[in-house]
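In what follows, a structure is listed as structure tokens, so that the remarks can point back to it.
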Amino acid sequence: MDIIKLKTRSRNGSGKSYTRKARMQGWVPAIYYGRNHEPVNIEVDGKEFEALVRTRKLTHLIDLGLQDKDESIAVIREVQRHVLKDNVFFHIDFQKVAMNEKVTIQVPVETVGLPIGVKDNGGVLGSPVKRVKIECMPSDIPEKLSIDVSALDVGDSIHVRDVVIPNIVIKESPDEVLAVVTLPTREEDVAKPAAEGAVEAGAAAAAPAAAPAAEKK
């Protein structure tokens, strides 16, 4: 995986007023930290970071280009953004990476191929997991985890334990389902019992009440 360089600068102030002014100038507050490394407050060029997000390269190694650091390679650990505006970023956490040590990071999961069960038997493909946590060397970090689902028939599924990728360990439960093919639930099958219940309830309501038992004299 290639290393993406981002334009950064030192953050020389703090507080809401300073942060607001920095954002207006196109800079996003961030922090760079790691093991045996003092946290460094920085600011990242907002347009460059937005382009990185738009091209879905959040799992790439990032060169922060810090002038006072011999090495400033990092991975993105957390991004705080506006709830409604995806291109408005509040803060970014970068974690230092040592190229000779393993790193744990989340990557997207992508299904590849058209399952047999969907193509020939009317099934529906479900992929409940969108991201998984993996452990590997920095140079082995994939842009995404591609899962081939073309052989799945109705009732078949792929779990974490079924996926073997050289030099990568998936740090999730082995029983986690990554992809599954099921038959769709037809609306009429769901509606039928409900309708029958309504008819029975209506019939019960329409039935005449039983006459009270005659009193014994």
Fill in: In Å, descending, principal axis extents of the Cα set of the range 1-124
62, 39, 20
Practice prompt. Taking 7 Å along the Cα-to-C-beta vector as the label spot, tell me the H91-E143 distance in nanometres, rounded to one decimal.
Written response: 3.1
Worksheet item: In square nanometres, what is the average projected area of the Cα convex hull of the range 105-182?
Response: 4.7
Practice prompt. For the range 77-134, run through the GluC sites (Glu not before Pro) and keep only the ones in DSSP coil with at most 15 other Cβ atoms within 10 Å of their Cβ.
Written response: E101
Worksheet entry | the range 1-46 pair-distance distribution - Cα-Cα, 5 Å bins, rounded % | 5, 21, 26, 20, 16, 8, 3, 1
Worksheet item: Karplus couplings for the range 4-11 from phi (6.51 cos²θ - 1.76 cosθ + 1.60, θ = phi - 60°), rounded to Hz, Gly and Pro as x?
Response: 9, 9, 10, 6, 9, 8, 5, 9
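What is the mean projected area of the alpha carbon convex hull for the range 60-160, to one decimal in square nanometres? Before the final figure, lay out the partial values.
Values: hull surface 36.0 nm².
Mean projected area of the Cα convex hull: 9.0 nm².
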Worksheet item: Under a plain spin-label model, where a point goes 7 Å from the Cα along Cα-to-Cβ, how far apart in nm are E48 and N121?
Response: 5.2
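Between N36 and V79, what is the FRET efficiency for a Förster distance of 41 Å, r being their Cβ-Cβ separation, to the nearest 0.05? Walk me through the numbers before you get to the answer.
Numbers: r = 24 Å, r/R0 = 0.60.
It comes out at approximately 0.95.
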Worksheet item: With r defined as the distance between the Cβ atoms of D63 and E135 and R0 fixed at 22 Å, what FRET efficiency is calculated, to the nearest 0.05?
Response: 0.50
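None of the figures in this text is laboratory data; all of them are computed from the coordinates on show. Predicted, not measured: the structure shown is a model, and the values here were computed from it. Neighbour counts run over all protein chains shown; Cβ positions are idealised from the backbone, glycine included.
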